[in-house]
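Contents: one structure, followed by commentary.
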Amino acid sequence: MKRSIYLTLSGLSVLLILVYVNHQDSIHEPLNPKQRYDLKTAAGLKAYQFDQKVERRAKDDHKNNRYDSPDLAMELEVELRSEMGQPFSYSGSYRFSAQRAAYANNQTASRTREILPWVERGPGNVGGRTRALLIHPDSNDVWIAGAVGGGIWKTENAGLSWRAVADDLPILSVTALAMCDSQPNVMYAGTGEGFYNFDAIIGDGLFKSVDGGESWEQVLSTVNQPEFKYVNRIIVSPTDPDLVLAATNTGIERSDDGGASWTEVYQPSGRTQQIIANPQNFLTQYATVNGVGVVKSIDAGLNWSPTGSMTAGFARIEMAIAPSDTAILYASFVGSGSSLYGFYRSDDAGASWSNLGNSPNWLGSQGWYDNTLVVSPFDANEIIVGGLDLYRIIVNSHTMSATKLTNWYAGAGYPYVHADQHMLLTIPGTGGNYSLLAGNDGGVFFSNDNGVTWSQRDDGYNVTQFYDADKHPAIQEFIGGTQDNGTNLSPNNATSSSAWDEAIGGDGFECSWNKHDGNIVYGSLYYSRLYKSTDGGNSFQSVGNGLPQSNVFYTSIGMDPRDSDVLLVVGDNNTLNRTADGGATWEIISGDFANTSRKIFQFSSVNSNIVWAASTSFGINVSTDHGRHFQLVNPPATAPGGYVLGIATHPDLENSAFITFGVSGGPKIFRTDDLGQSWTDITGNLPNVPVHTLIVLPFDTSRFWIGTDIGLFESPDNGATWAYANSGIPAVAIKKLKIVGQEIVAATHGRGIWSVHLDELPPLEVPILSPILAQLPPPPPNYPLVRINFSTRSAHDSIQVIANDSVIARFGPTPAYSDRMASFTGTYGNEVGVTVIGFSAGVAYTSDGSSLPIFAPRTAYVESFDSLGVQMTGDLMVGSDPNFSTNVLQTLHPYSSGQNYYAYIGPPILIDQTSSMTYRDVALVEPGDPGTSYPDLAMWDFVTVEGSLNGTDWQILIEPYDSRYDGDWTQYYNANSDATEALLRDHSINLGDFYATGDTVSLRFRLFADEYVTGWGWAIDDLEISSSTATTNFVALPTQYALLPNYPNPFNASTTIRFTLGHSGKIDLAIYDLLGRKVTKLLVGERMQAGPTYSLKWNGTDGRGQNVASGLYYLRLSYDGGEVFRKLTLLK
């Protein structure tokens, strides 16, 4: 818990200056940390999104929190659709078979399609895994992209905007695209991602478009055919659109009639990973066979034979042909550990191969997953290769040299391109220049200068795979956990093109928004790692406090809808974790979950004492005491032996619940009305498709909605019959449906977040909450101005800001979740106490109070932290520690992750050239990667000292350091030992090196902690700030900034305005009306000297010279570090 510490000074009077503050943007100063970006402009928003995203990616790398765990994610998807210990239970094209059955059911029932006002919420800037790309031969700006989880997309402006072209089909796992160059309206798409070390989810065969990718039809000859379960690559004759070849996991299939029929022309002993054709002669083709090598055809794929021999011991192979010399071939071989086995070249069309080496290893340990290459269109010796990142290879004779082109996080000296490269294409230019198109786990990236610089081209490419989502209780703001791309937070009123913030890195899973206080929201990372925000998602901190990490990839969360401080989090084996205080403390709860770690939870929407938790059909548990104890219930007699995919409760009947399954051929939905003593199968006429989630509509409890692998279904009769909704949301896997007030939120696995508003739903009952007053920051060093920031959690008819028992600011009607600011000028040597009161229907809702001492500037300050008069404020505490003989200024031990800790030295310091600062400390904070230093992003946690001339802009005064600063510190950190007094080390800062004589400076200690690993923390002792020329510890107070009474007031034609300055510098002087709108500027950036009393006249006109109406106006004097106001009354 944060705590402020300071000496309360008394005996001096407090000068109260009433300050008017309105809430318009012209005066309002937001609390949001994004304020350093101009979010009102597209460029500013894009800059913020980009910086925020890549910085989070950087912080993930060092914790082995890879942004995607593709093997674990795919394993999860297989397990959810299989019986325990059994292979994937569905046959090929099961989604299309289910969709056809659903349409047939609708037709039989003569069901009329009901279109609902679904809104696509985005994210429009995240992207997703892209293995297939096409560039139109007649226009370099027309691209087709195939997303593994998001279907087929098209852009006509080189990726600046995208649109889905197959939303009416079940979302395709697209891994291959090809077109006929002479008839580019004819395109083919292959499905089924056959890249994994075990069987992945089966694809749906081939698809064909004859209108340039605008619409697609399934190639019926590939439906339910084992040869087309996994289509890895496709080629089409450039002159004959009917001549098509497909590389699949079983071999090579060939069609000469546009896919109507197929002939298997090659059946190898390994997986056929790739097939390519000579760009100058389609008769010559090559295919790579994992574990076998490269094979070749010289008759358009009718016959195949091995190319030159290669040393055994490899697995996956990717290859490319040099367009400028098609006899030159390159192949990237994957070896043991999925690293680079060798980079091979052939100069004779495959008759022989030479290994150019395997360093650097650009594949890392994921060559089975990401491995791609393309040859320059002009230079046969220049190759772009991709694994985790992108490299340029230059071949000279039989040697190669590599230059790294990109990095998957910023700060490493390379352009940012998302991790895990899957596809590379070139666009020839002129003069040896060419463009590059890269498909990776973040979507599509583009370079127009041979790979030197890169830009992300994902706007509107909404193929994000969400596991879960939730909504703010009062506004249209959403949060969701995704595969590959972290936990993301939307802006208010998000649409399909909205840019979302990445709130938490790594693979994101379940999330929960407090339904009573929208400032509190939770997200999760794999292995039961929970994160909490108390500021509406602007920042998240790791929730530890006894919550153990697990070995469970999918982190599930259950939140009590009535008491949002009560949560359940998944644990290993037969355990789960429970908190009743929002994560401050945890207890381990046991149940009978068949010793299976993956579990999901659901509190009853009627009675929170009833809580459901389930793993498999043999591990369904219920609690009747608010989740403190769980009992195993009877399994449904006909349930498959697989995982429970979803749990739902009834809005009226507390003993009723529903569970859903995903195993092929078995029942999918069961209902109990007696707390699990018995179950009824309500699958009915539902097609054979996994069911992930179910909700009961509270305004008509006979109506159920379910989310399946092919979209939304509805039952109008308590589950007796089911109909395909097809109501305006794509045919995509819906992982979660949630009702939040009058909105239903759908988290899809491949098409982002959608929501629909239904007037029939009851509004969410949210209690009126008091405003939240932020911790008061120290005033500027040269003026005792207190900046008061607060936010609302409920709408209020009016708001008052109270400082030292006086109303200093009033606000009119204020909406919920708004940020506001006021300011107050106190006097040195006194404390300011502040509260904020919101009034709703005549009832006062008072915030917690906050107080701040105002310290006068000094030339010197000495602090041993042993007296009661410690003049410091902030997050660090003064107190004893068992390993120190005297008090120290210290963090909590261990400190928490995901935040900055500040300790402000109370008195500002008046500088001369001899001013210096010394202190002793020990900092057992997480060390950065070897060789890193500030500002490298791989320097994970650090401590430093900072100074400011205005209290807003801070300058680093000592190079940030971590536990590597001292060998003993490193040893203690690595041993996870507590610090001792013997570890204190001396530091010295010459303040005169940073500031000029006469400057007044605020100083602070700072500890930065990233989102993950922490340590014992920081302790500081024996602080001394001194000057050899100082004769007294206190300095005379500076001249005051003031707006003196204007005259006349009230006035008619004109009035004289008088003011004084506290320090020399630039000022602004402007007039505002009662709504906070700027009327005119009197002075802008005017540099003026302190001392004189200035005067000027205002003649009652606006900035255009037009006379303004009679009424009350406000004069604002703004300066570096503050502002003052005065009322003016114009009478005509």
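Data table
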{"quantity": "Top-ranked residue in the range 672-691 [being assigned to a strand (DSSP E or B) and farther than 27 Å from Asp625 by Cα; ranked as nearest to the chain's Cα centre (by Cα)]", "calculated": "Val691"}
{"quantity": "Filter result (surrounded by fewer than 22 Cβ atoms within 10 Å (Cβ to Cβ) and among the β-branched types (Val, Ile, Thr)) within the range 91-141", "calculated": "Thr108, Thr112, Ile115, Val119, Ile135"}
{"quantity": "Filter result for the condition that a residue is farther than 22 Å from Asp1022 by Cα, modelled with pLDDT under 95 and either surrounded by 19 or more Cβ atoms within 10 Å (Cβ to Cβ) or basic (Lys, Arg) (or both), over Leu910, Leu937", "calculated": "Leu937"}
{"quantity": "Odd one out for Ser542 among (1) touching a Pro at 6+ places or on another chain (Cβ under 9 Å); (2) within 20 Å of Arg578 (Cα to Cα)", "calculated": "(1)"}
{"quantity": "Top-ranked residue in the range 112-160 [being among the small types (Gly, Ala, Ser) and within 21 Å of the chain's Cα centre (by Cα); ranked as modelled with the lowest pLDDT]", "calculated": "Gly149"}
{"quantity": "Matching entry among Gly582, Gly627, Gly662 (being part of a loop (DSSP other than H, G, I, E, B) and at pLDDT below 95)", "calculated": "Gly582"}
{"quantity": "Residue count for the range 336-351, restricted to those that are surrounded by fewer than 14 Cβ atoms within 10 Å (Cβ to Cβ) and assigned to a loop (DSSP other than H, G, I, E, B)", "calculated": "2"}
{"quantity": "Residue match in the range 308-328 (condition: under 25 Å from Tyr230 (Cβ atoms) and either hydroxyl-bearing (Ser, Thr, Tyr) or outside the structural domain of Gly194 (by TED's automatic domain parsing) (or both))", "calculated": "no"}
{"quantity": "Test: residue in the range 704-714 that is assigned by TED's automatic domain parsing to the domain that holds Ile753, under 25 Å from Ser93 (Cβ atoms), part of a loop (DSSP other than H, G, I, E, B) and small (Gly, Ala, Ser)", "calculated": "no"}
{"quantity": "Count of residues meeting criterion [of a type outside the set (D, E, K, R) and either more than 17 Å from Gly442 (Cα to Cα) or surrounded by fewer than 24 Cβ atoms within 10 Å (Cβ to Cβ) (or both)] in the range 160-175", "calculated": "9"}
{"quantity": "Any hit, the range 946-962, residues being under 30 Å from Tyr1113 (Cα atoms) and not hydroxyl-bearing (Ser, Thr, Tyr)", "calculated": "yes"}
{"quantity": "Neighbours by Cβ (under 7 Å, 6+ apart or cross-chain): first from the range 569-586, closer than 18 Å to His629 by Cβ; second in a strand (DSSP E or B) and among the basic types (Lys, Arg)", "calculated": "Trp586/Arg578"}
{"quantity": "Among the candidates Gly1111, Gly1062, Gly1100, Gly1122, residue that is in contact with a strand residue (DSSP E or B) (Cβ under 7 Å, 6 or more places away or on another chain), closer than 30 Å to Pro857 by Cα and either buried (at least 16 other Cβ atoms within 10 Å of the Cβ) or not hydrophobic (A, V, I, L, M, F, W, C) (or both)", "calculated": "Gly1122"}
{"quantity": "Residues that are assigned to a loop (DSSP other than H, G, I, E, B) and closer than 16 Å to Val606 by Cβ, drawn from the range 630-659", "calculated": "His650, Pro651, Asp652, Leu653, Glu654, Asn655, Ser656"}
{"quantity": "Residue that is surrounded by the fewest Cβ atoms within 10 Å (Cβ to Cβ) [pool: residues in the range 406-458 that are aromatic (Phe, Trp, Tyr), out of contact with any Pro (no Cβ under 6 Å at 6 or more places or on another chain) and outside any loop (DSSP other than H, G, I, E, B)]", "calculated": "Phe446"}
{"quantity": "The range 796-817 residues that are on the phi > 0 side of the Ramachandran plot, paired with ones that are of a type in the set (Lys, Arg) (beta carbon under 8 Å, 6 or more apart)", "calculated": "Tyr817/Arg793"}
{"quantity": "Any hit, the range 865-877, residues being farther than 28 Å from Glu477 by Cα, in contact with a Phe, Trp or Tyr (Cβ under 6 Å, 6 or more places away or on another chain) and of a type in the set (S, T, N, Q)", "calculated": "yes"}
{"quantity": "Which numbered condition Thr430 fails, given (1) over 20 Å from Gly367 (Cα atoms); (2) in contact (Cβ under 8 Å) with a residue 12 or more places away in the chain", "calculated": "(2)"}
{"quantity": "Residue tally, condition crowded, with 22+ Cβ neighbours inside 10 Å, hydroxyl-bearing (Ser, Thr, Tyr) and over 14 Å from Tyr230 (Cα atoms), over the range 256-301", "calculated": "4"}
{"quantity": "Candidate set: the range 202-216, residues that are assigned to a strand (DSSP E or B) and not aromatic (Phe, Trp, Tyr); chosen: the one farthest from Val186 (Cα to Cα)", "calculated": "Leu206"}
{"quantity": "Residue in the range 972-986 that is more than 27 Å from Gly1121 (Cβ to Cβ), assigned to a helix (DSSP H, G or I) and hydroxyl-bearing (Ser, Thr, Tyr) present", "calculated": "yes"}
{"quantity": "Test for Asn1052: is it modelled with pLDDT of 85 or more and either in the same structural domain as Leu785 (by TED's automatic domain parsing) or surrounded by fewer than 20 Cβ atoms within 10 Å (Cβ to Cβ) (or both)", "calculated": "no"}
{"quantity": "In the range 585-624, residue surrounded by the fewest Cβ atoms within 10 Å (Cβ to Cβ) [restricted to those that are assigned to a strand (DSSP E or B), among the hydrophobic types (A, V, I, L, M, F, W, C) and touching a Ser or Thr at 6+ places or on another chain (Cβ under 8 Å)]", "calculated": "Ile588"}
{"quantity": "Close pairs (6 angstrom Cβ cut-off, 6 or more residues apart or separate chains): of a type in the set (Lys, Arg) in the range 1052-1065, surrounded by fewer than 21 Cβ atoms within 10 Å (Cβ to Cβ) anywhere", "calculated": "Arg1058/Leu1044; Arg1058/Thr1093; Arg1058/Ser1095"}
{"quantity": "Tally of residues being among the hydrophobic types (A, V, I, L, M, F, W, C), over 21 Å from Pro767 (Cβ atoms) and without any contact (Cβ under 8 Å) to a residue 24 or more places away in the chain across the range 823-869", "calculated": "0"}
{"quantity": "Residue pairs meeting the criteria (Cβ under 9 Å; at least 6 apart or on separate chains; first without any contact (Cβ under 8 Å) to a residue 60 or more places away in the chain, in the range 767-791; second part of a strand (DSSP E or B) and charged (D, E, K, R))", "calculated": "Ile788/Arg820; Phe790/Asp819; Phe790/Arg820"}
{"quantity": "Residue match in the range 161-169 (condition: touching a strand residue (DSSP E or B) at 6+ places or on another chain (Cβ under 8 Å) and part of a helix (DSSP H, G or I))", "calculated": "no"}
{"quantity": "Condition met for Val292 (among the aliphatic types (A, V, I, L, M) and modelled with pLDDT of 95 or more)", "calculated": "no"}
{"quantity": "Per-region count, the range 757-779, residues out of contact with any Pro (no Cβ under 8 Å at 6 or more places or on another chain) and in a loop (DSSP other than H, G, I, E, B)", "calculated": "16"}
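The values are calculated or read from the model by the stated rules, or taken from the named source; none is laboratory data. This is a predicted model, so every value here is computed, not measured. Reconstructed Cβ throughout: ideal geometry from the backbone, glycine too, with neighbour counts over all protein chains shown.
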